[in-house]
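I have placed the structure first, in the form of structure tokens, so that the comments after it can refer back to it.
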Amino acid sequence: MKTFCGRANPTTGSMEWLEEGEDYDYHQEIARSRYADMLHDKDRNVKYYQGIRAAVSRVKERGEKAIVLDIGTGTGLLSMMAASAGADFCYAIEVFKPMANAAVKIVEKNGFSDKIRVINKHSTEVTVGPDGDMQCRANILVTELFDTELIGEGALPTYEHAHKYLVEEGCEAVPHRATVYVQLVESKRMWSWKKLFPVCVEAEDGEKILVPPSEMENCPGVPSVCDIQLNQMPSSDFTTLSDVVTMFSVDFSKPVQSASTYYRVQLEPVKSGKAQIVLSWWDIDMDPSGMINCTMAPYWVKPTSALQWRDHWMQCVYFLPREEPVLQGEKLYLTACRDQYSVWYNLQKSREGENEADEKENKADVRVESPVCRCRAHLLWNRPRFGELNDQNRTRQYIKALRKVLKTDSVCLCISDGSLLPVLAHCLGAKQVQYFVLIFRSLHFSLVFFSHVFFKANHLEDKIKIIEARPELLKPSHLEDKKVSVLVGEPFFTTSLLPWHNLYFWYARTAVSTHLASNVTVLPHSASLHVMIVEFQDLWRIRSPCGTCEGFDVRTMDDMIKDSLNFRESKEAEPHPLWEYPCKSLSDPQEVLTFDFTKAVPQHCLRTEGSVKLLRKGKSHGAVLWMEYHLTADISVSTGLMQVSNEKGNCEWNPHCKQAVYFFSSVIESEVLSDPTAVTYAISFDTKTGEIAMDFKL
């Protein structure tokens, strides 16, 4: 059976469906999984083990047999913990067949086959009875069904079904409860991920302010959570306006309701400011007393406790529908609405003289409706893209470069998705500006809609022409029979996953070659691919074998991940936002390939070989690759390294872009380097597919 997978095609700028072998989906699932990350999460594993031991003991003290139901068993780790803690029998549910097969092997290898039965089904399909999957209902419910938002992986409906059909009333549950916490903050940086800020342009005829459309100002955005490593957000980038408060709790030992609902808490700001963001995280109590607690709280909440790094559970950033000025000490109500899979927030001010009856009436007015983007921009751009467009330093670089190349009679063509460049070009004096919207793109309608409303908000609807066409179908009539004298692009395209996918600009430039003047200026005129060898503080864990976990042999899982990586993934780079994942450079950054946009894409592949000299001691976990775009001879913008900030080699990365990380397969074996050495590389750019292949050797 064949599998169809969506992949970005850098030569067309679109998502395409490719036919892959039947094993492809399985290998993707395993290779890209966070199983290794979870097995390396010492805090999680220890707390689960403690909670399971305590639950088994409580059941045994009541003179009952301990029958465990483990939903989403994965490697079978939690079931093995239960069996070793004295459980009489465990039913381990795993819906993903390759994982269930691995769990059977791991359970057998650790000698628990007589105590654990692995059931390859979704928990809602499991039957109970003499002829069922389970002989009887369980009296201990063990699960790990949580994501960063707690409920995003369907924990609530799964628990709801389990209590109805699979476990006894009054069962023990590990974890026993989860509690969600919130804190109200003001943060220009995080708010810049939600809306467009005005842009100031110094033109020859005076200062011009580009404003976002009113449709965006009043748009609630989209309900999807923004999950990040909040521990990498410096305290200087936000101001806390409230104390941490408990938003809601879920007791997993009792029947759980998954139906949409809401929770409301009263807040009194500890500081006046602009309420923009709700930061949120959760903790789980593994026992009823709350003595065994596993928390996701960020660094400023529990500054004295050691932070456990994990990538499978992070923290949440929620954007309020609109900015609310708040005063210290005033009475506010924060409402969390949720459906089965997501949460969103609203903030209300208490009306003067409001009594308890009014408060209840207000509560009854809450409508649990998921926010819907009305301005289309939130459907077009992700959060980092909003941050990129709001980056004033970056915008200044483009303005400075445009000033150098634009003339009053310039005929300007812009090729980028949802870009401010055509507006900047017009403000800086270009006589004719064409904005190329590529009609075959999946977000074509949103792109056109937002472009129209943005141009209209700035009275430019008759100044900038939107061309809806494929590059190869561009006609002279689209350009009013004029030749393009300035071709511009950031470049940015919504389908790009890896840094070099934005080289689609080069392919589009090639397609419109016949419409370019002989002396055309292309901005950027070229791009370069850069590489640097790094040691990660923690990110290496997602690719690191575990061996044993809390005394259990899980090498079968290590082998499974390794096989899937070797299937294809180990030979590919993967995108990561490295501002969230600290690393230190072990080499200088090195330019390895260049792409000349003043010429058409060549027919032959671009290849390079060489070596990167290691300058610092450390473990070479992998190579980081990024693109730099050279706007003019002396102005460049980087999508990767911004600077190496100190002698230790700590790196600062572009916070708006994902960098490409190529993990070395020998990461675990690599030792601290005592003598200067080098990493050799072979990198090739296939001009027919737009993909970059690479190989590194330590």
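The values are calculated or read from the model by the stated rules, or taken from the named source; none is laboratory data. This structure is a prediction, so every number in the text was calculated from the model and none was measured. Methodologically, a virtual Cβ is constructed for each residue, glycine included, from the backbone with ideal geometry; neighbour enumeration extends over all protein chains shown. These area figures cover heavy atoms from the full protein model, side chains too; ligands, DNA and RNA do not enter into them. Shrake-Rupley method; radii C 1.70, N 1.55, O 1.52, S 1.80 Å.
Laid out as a table, the results:
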item	result
From phi via Karplus (6.51, -1.76, 1.60), per-residue ³J(HN,Hα) for region 65-77 in Hz, x at Gly/Pro	6, 8, 10, 9, 10, 10, 8, x, 5, x, 6, x, 4
With eigenvalues of the C-alpha gyration tensor scaled by 5 and rooted, the chain, Å	47, 33, 23
Estimated [θ] at 222 nm from DSSP helical runs (n ≥ 4, -39500 (n - 2.57)) normalised by residues in the chain, nearest 500	-6000 deg cm²/dmol
List S272, S666, ordered by accessible area with a 1.4 Å probe, largest first	S272, S666
Cα long-axis angle, helix 155-165 against the chain (0 to 90 degrees, to the nearest 10)	30 degrees
Surface accessible to a 1.4 Å probe, C605 within the full protein complex, Å²	40 Å²
Amide H contacts under 5 Å for L267, placed H, 5+ residues apart	L332, Y333, L334
Nearest-10 value in Å² for the accessible area of E490, using the 1.4 Å probe	10 Å²
Degrees separating the helix 42-61 axis from the principal Cα axis of the chain, which is the longest one	20 degrees
Reciprocal of mean inverse Cα separation for region 498-607 (Kirkwood radius, Å)	18.0 Å
Cut-off under 5 Å, modelled amide H: who pairs with A678 long-range	L614
Flagged links, alpha-carbon separation over 26 Å, of K208/K465; K648/K697; K164/K302; K407/K456	K164/K302
Accessible area (Å², per residue) of region 83-141, counting only protein heavy atoms and a probe of 1.4 Å	46 Å²
Candidate residues R403, R44, R470: accessible-area rank, largest first, probe 1.4 Å	R403, R470, R44
Rounded percent of accessible protein surface that carbon and sulfur make up, the chain, 1.4 Å probe	49 percent
Exposure of D588 as accessible area (Å², to 10), given a probe of 1.4 Å and all protein chains	90 Å²
Rel. contact order, % - alpha carbon contacts under 8 angstrom, at least six apart, the chain	13 percent
Rounded to 5, the percent of DSSP beta bridges in the chain classed as antiparallel	75 percent
1.4 Å probe accessible area per residue over region 179-373, in Å²	46 Å²
Cβ-based charge dipole, the chain, positive-most Cα from F445, I71, P198	P198
Considering only region 34-177, percent of DSSP beta bridges that pair antiparallel, nearest 5	0 percent
For region 380-523, alpha-carbon Rg over 2.2 N^0.38 Å	0.97
Distance between modelled label sites at T548 and V245, nm, 7 Å Cα→Cβ extension	4.8 nm
Diffusion coefficient, µm² s⁻¹, Stokes-Einstein with Kirkwood Rh over alpha-carbon pairs of region 179-373 at 10 °C and 1.306 mPa s	85 µm²/s
Accessible surface, region 380-523, averaged per residue in Å² (probe 1.4 Å)	39 Å²
Between region 608-649 and region 503-526, the alpha-carbon center distance in angstrom	27 Å
Flagged links, alpha-carbon separation over 24 Å, of K42/K619; K42/K65; K194/K431; K404/K599; K195/K658; K47/K584	K42/K65; K194/K431; K47/K584
Crossing angle, helix 392-405 versus the chain [Cα axis fit, 0-90 degrees, rounded to tens]	20 degrees
Region 521-538 - phi-based ³J(HN,Hα) in whole Hz, Karplus 6.51/-1.76/1.60, Gly and Pro as x	9, 10, 10, x, 7, 6, 9, 9, 9, 10, 9, 8, 8, 9, 10, 8, 5, 9
Cα-based shape type of region 106-166, given that a ≥ b ≥ c are square roots of the gyration tensor eigenvalues and the cut on a/c is 1.5	oblate
Cα-based shape type of region 447-517, given that a ≥ b ≥ c are square roots of the gyration tensor eigenvalues and the cut on a/c is 1.5	oblate
Calculated from backbone phi, Karplus (6.51, -1.76, 1.60) coupling profile of region 630-644 in Hz, x at Gly/Pro	9, 5, 9, 4, 10, 10, 10, 10, 10, 9, x, 5, 9, 6, 8
Sequence of D686, D634, D283, D131 from largest to smallest accessible area, 1.4 Å probe	D131, D634, D686, D283
